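Visitor: Have a look at the structure that comes next, please.
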Amino acid sequence: MKKFLFVAAALAVLATSCKNERRTPVEDTTTRDSLQSIIDQKDNEINDMMTTLNQIQEGFREIALAENRVSIAKDGERTDKAQQIRENIQIISNTMKSNRELIEKLRQQLRESSVKADGLKEALESMVKQLEDKDKQLVQLRSELDSKDIHIAELDETINNLNSNVEDLTAESKEKTNTINAQDKQLNTAWFVFGTKKELKEQHILDSGDRVLQSNFNNSYFTKIDIRVDKEIKLYSKSARLLTMHPSSSYTLQQDANKQYILRITNPQLFWSTSKYLVILVK
């Protein structure tokens, strides 16, 4: 009998094992497909970024060739040197504009990519610096041409456009900074008030049913604060109770040496998460 039970138990374990083995290939295939999908996505992202990088590098190669032709022309004796310089300046101008757009495209690709591409980020910063150096070289080139009494209107236009681009970028950056600062200030602004029941009712902060901030209350009666800076409010009263809802773990009410309460906000983000208005009843 015992032998029979042992055999039955062994068969049961074997059957379970077989079932698990039958599931494993499916699970392995699903996992393999999922991993392959992730790998394919990363490969595509890397290929796209490398394509953009190669386009930028090719642009710099074309710029270098055009610069070399300009250098030969300005020091040469050919009667059509001005025309040669003009044509190559146009090539440099167009290619620099294209590279600037491609650099911005690569920056966007890096921001959106799931690939940690520190090497590409370093290469991008290097190319930005290279583009800035080309801008300076064009200004120097104009000075060299002026000394040879060669005036190229296209070069002036290119340099003016570069200056305009810099001014536009500076203005855009300043505007974005101002917008971010304004939004940041708004997000970190809160209002508080403390007073007796009579005072709060006179300002319609507390209504007849002892409900807070339900009616058209006097907003100017509140004090505006920066929640990142103002974390302590002296209440000048021996009795204090918060009427607005704020997590109890985010603040403490403590008495000073004169037994008057002080509200200390220990976790500003949590404290102000429920309401940017704070109402405290004192006596």
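Per-residue answers, yes or no, for (1) surrounded by 14 or more Cβ atoms within 10 Å (Cβ to Cβ); (2) at pLDDT below 70; (3) outside the structural domain of residue 52 (by TED's automatic domain parsing):
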{"position": "88", "(1), (2), (3)": "yes, no, no"}
{"position": "93", "(1), (2), (3)": "yes, no, no"}
{"position": "98", "(1), (2), (3)": "yes, no, no"}
{"position": "104", "(1), (2), (3)": "no, no, no"}
{"position": "112", "(1), (2), (3)": "no, no, no"}
{"position": "116", "(1), (2), (3)": "no, yes, no"}
{"position": "124", "(1), (2), (3)": "yes, no, no"}
{"position": "129", "(1), (2), (3)": "no, no, no"}
{"position": "143", "(1), (2), (3)": "no, no, no"}
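Visitor: On to the next question. Any residue at all in segment 19-35 that's among the β-branched types (Val, Ile, Thr) and modelled with pLDDT of 85 or more?
Guide: The answer is no; no qualifying residue exists.
Visitor: Can you report the number of residues in segment 228-283 which are among the aromatic types (Phe, Trp, Tyr) and either out of contact with any Leu (no Cβ under 7 Å at 6 or more places or on another chain) or loosely packed, with under 14 Cβ neighbours inside 10 Å (or both)?
Guide: 3
Visitor: Considering only segment 206-222, I want to know if a residue exists there that is in contact with a Pro (Cβ under 6 Å, 6 or more places away or on another chain) and of a type outside the set (S, T, N, Q).
Guide: Within segment 206-222, none of the residues are in contact with a Pro (Cβ under 6 Å, 6 or more places away or on another chain) and of a type outside the set (S, T, N, Q).
Visitor: Which residues, taken from segment 184-219, are at pLDDT below 90 and hydroxyl-bearing (Ser, Thr, Tyr)?
Guide: Of everything in segment 184-219, those that are at pLDDT below 90 and hydroxyl-bearing (Ser, Thr, Tyr) turn out to be 208, 215.
The values are calculated or read from the model by the stated rules, or taken from the named source; none is laboratory data. Here the structure is a predicted model, which is why all the values come from computation and not from measurement. A quick note on method: Cβ atoms are made from the backbone with ideal geometry, for glycine too, and the neighbour counts reach across all protein chains shown.
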